[in-house]
Amino acid sequence: MSLLTDHVNLNLSDCTDKIIAEYIWVGGSGIDLRSKARTLSGPVSDPSKLPKWNYDGSSTGQASGEDSEVILYPQAIFKDPFRRGNNILVMCDAYTPAGDPIPTNKRRAAAKIFSHPDVVAEEPWYGIEQEYTLLQKDVKWPIGWPVGGFPGPQGPYYCGVGVDKAFGRDIVGSHYKACLYAGISISGINEEVMPGQWEFQVGPTVGISAGDELWVARYVLERITEIAGVVLSFDPKPIQGDWNGAGAHTNYSTKSMRCDGGYEFIKKAIEKLGARHTQHITAYGEGNERRLTGRHETADINTFIWGVANRGASIRVGRDTEKAGKGYFEDRRPASNMDPYVITSMIAETTILWKP
């Protein structure tokens, strides 16, 4: 008897050159992801060779019913870890039929910043630490937690091992391998301080690729949690009380920072970030005020401080960077639900292009 999995796992290359391309875009909330698939005549490796497509923006909160057509522009291609073979995932951004970026298209403005000659010359590198929480489907409560109750206090869960400490490792491990298969620069994973909360890291990546890769990594995680019957949350403070929130710490360096004498460039960049603290906080994720309280490894949202090896600072510089006199720093302010196109381009614009 034929099983559903037999058809899901069909290898199309046995019978046709045609492939399936899954077009992915950011939805109307600015954090939700949408996707739909189309058939192509053969393998494609260059996004400029892919056809544009359209969708009903009135159903995603991105257009009115009277003028609902939104156009998808393919921007980056990844291997599809679900269909495999020559099938692909395509990260897109969205435009009106007249060619103007719609309000939720943050990629267009980021690409403009990353194409500036001064930014290109500095070759900005990013490493983003994406935290997230896995929730039980029917009750929207973290996995591993008793329904309506609480586990033991924080302490044994961070990078923990054991059935009473690590919840969801099969999901996390599947996501790790799927991202590697897709060609995403995922560099690691770990369990976080709050049980049911995990982190994956993407990087180092350069410029606009940081946003493309993080969004597709999120998409892959959404698909895997869908299969597992678990809800994925990027809420920066999913559980109130004495529990850590979820962030997206963003590690950053420029060519000047990575060269000998780079520590002076790092300090100048941090000074600029401090001068524009309010503007950055406004763009660093919705609900971040619930997370940045000055507790649970955060600085207060209204305060800007930096320090070496200080996890309670807005900006943390590593001991190795201080010792070497060059390297990178970590912006600990971004929330887990931030838009990586906004965050990465804003850091580059402030530290490279902005003249106080």
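The values are calculated or read from the model by the stated rules, or taken from the named source; none is laboratory data. Everything quoted here is computed from the prediction, not taken from an experiment. Quick reminder, even Gly has a Cβ in these numbers, built from the backbone with ideal geometry, and neighbours come from all protein chains shown. Just the protein is used for accessible areas: all its heavy atoms, side chains included, with ligands, DNA and RNA removed. Shrake-Rupley method; radii C 1.70, N 1.55, O 1.52, S 1.80 Å.
Rounded to the nearest 500, what is the 222 nm mean residue ellipticity of the chain from helices alone, with -39500 (n - 2.57) per DSSP H run of 4+ residues and division by all residues?
-7500 deg cm²/dmol
Report for region 1-134 the percent antiparallel among DSSP-assigned beta bridges with both residues inside it, nearest 5.
Numbers: 22 of 26 bridges.
Beta bridges within region 1-134, antiparallel portion: roughly 85 percent.
With equal scatterers on the alpha carbons only and no solvent term, can you work out the Debye log10 of I(q)/I(0) for region 161-247 at 0.19, 0.22 1/Å?
-0.92, -1.18
With springs connecting C-alpha atoms under 10 Å apart, model the chain as a Gaussian network and identify which of ALA210, ALA182, ALA111 has the largest mean-square fluctuation.
Largest GNM mean-square fluctuation: ALA111.
What distance in nm separates the two pseudo spin-label positions at ASP260 and THR96, each 7 Å out from Cα along the beta-carbon direction?
Output for this residue pair reads 5.4 nm.
When the dipole is taken about the Cα centre of region 117-353, and only Lys, Arg (+1) and Asp, Glu (-1) are charged at their Cβ, what size is it in debye, to the nearest 20?
It comes to approximately 320 debye.
Using θ = phi - 60° and the Karplus curve 6.51 cos²θ - 1.76 cosθ + 1.60, what whole-Hz ³J(HN,Hα) does each residue of region 3-10 get, with Gly and Pro shown as x?
Calculated HN-Hα couplings, in order: 10, 4, 5, 4, 7, 4, 9, 4 Hz.
Testing the spin-label approximation: label points 7 Å from Cα along Cα→Cβ at LYS137 and THR278. State their distance in nm.
4.7 nm
In the structure shown, do any of LYS272/LYS355; LYS79/LYS106; LYS106/LYS267; LYS36/LYS79 have a Cα-Cα gap over 19 Å, and if so which?
LYS79/LYS106; LYS106/LYS267
With the full set of protein chains in place, find how many percent of the accessible area of region 205-274 is carbon and sulfur; take the probe as 1.4 Å.
Values: 1200 of 2360 Å².
Whole-percent figure for carbon plus sulfur exposure: 51.
Short version: ³J(HN,Hα) in whole Hz for each residue of region 196-204, in order, from phi by Karplus 6.51 cos²θ - 1.76 cosθ + 1.60 (θ = phi - 60°), x for Gly and Pro, what are they?
x, 10, 9, 9, 10, 10, 10, x, x
Check which residues have an amide H placed less than 5 Å from PHE167's amide H, if you skip close sequence neighbours.
Here the answer is GLY196, since their amide H atoms fall under 5 Å of that of PHE167.
Quick one: which residues, 5 or more positions from ASN310 or on another chain, have an amide H under 5 Å from its amide H? H modelled 1.01 Å from N in the peptide plane, none for Pro or chain starts.
VAL317
Return the percentage of antiparallel bridges among DSSP beta bridges fully within the chain, rounded to the nearest 5 %.
Restricted to the chain, the bridges split so that about 90 percent are antiparallel.
Using just the C-alpha positions of region 1-47 as equal point scatterers, what log10 of I(q)/I(0) does the Debye formula give at each q in 0.21, 0.30, 0.32 1/Å?
Log-scaled intensity ratios, in q order: -0.87, -1.08, -1.13.
For Cα pairs less than 8 Å apart in space and 6+ apart in sequence, what is the mean separation divided by the residue count of the chain, i.e. the relative contact order in percent?
Values: 725 pairs, mean separation 55.9, N = 356.
Answer for the chain is 16 percent.
Can you give the Rg to Rh ratio for region 4-104, taking only C-alpha atoms and Rh from Kirkwood? Write down the numbers at each step before the final one.
On the way: Rg = 14.8 Å, Rh = 14.5 Å.
Here the Rg-to-Rh quotient is 1.02.
Whose amide H sits under 5 Å from the amide H of GLY247, counting only residues 5 or more places off or on another chain, with H placed in the peptide plane?
GLU131, SER336
At 1.4 Å probe size, with every protein chain present, just tell me what the per residue accessible area of the chain comes to in Å².
Numbers: 16220 Å² over 356 residues.
Accessible surface, normalised per residue, equals 46 Å².
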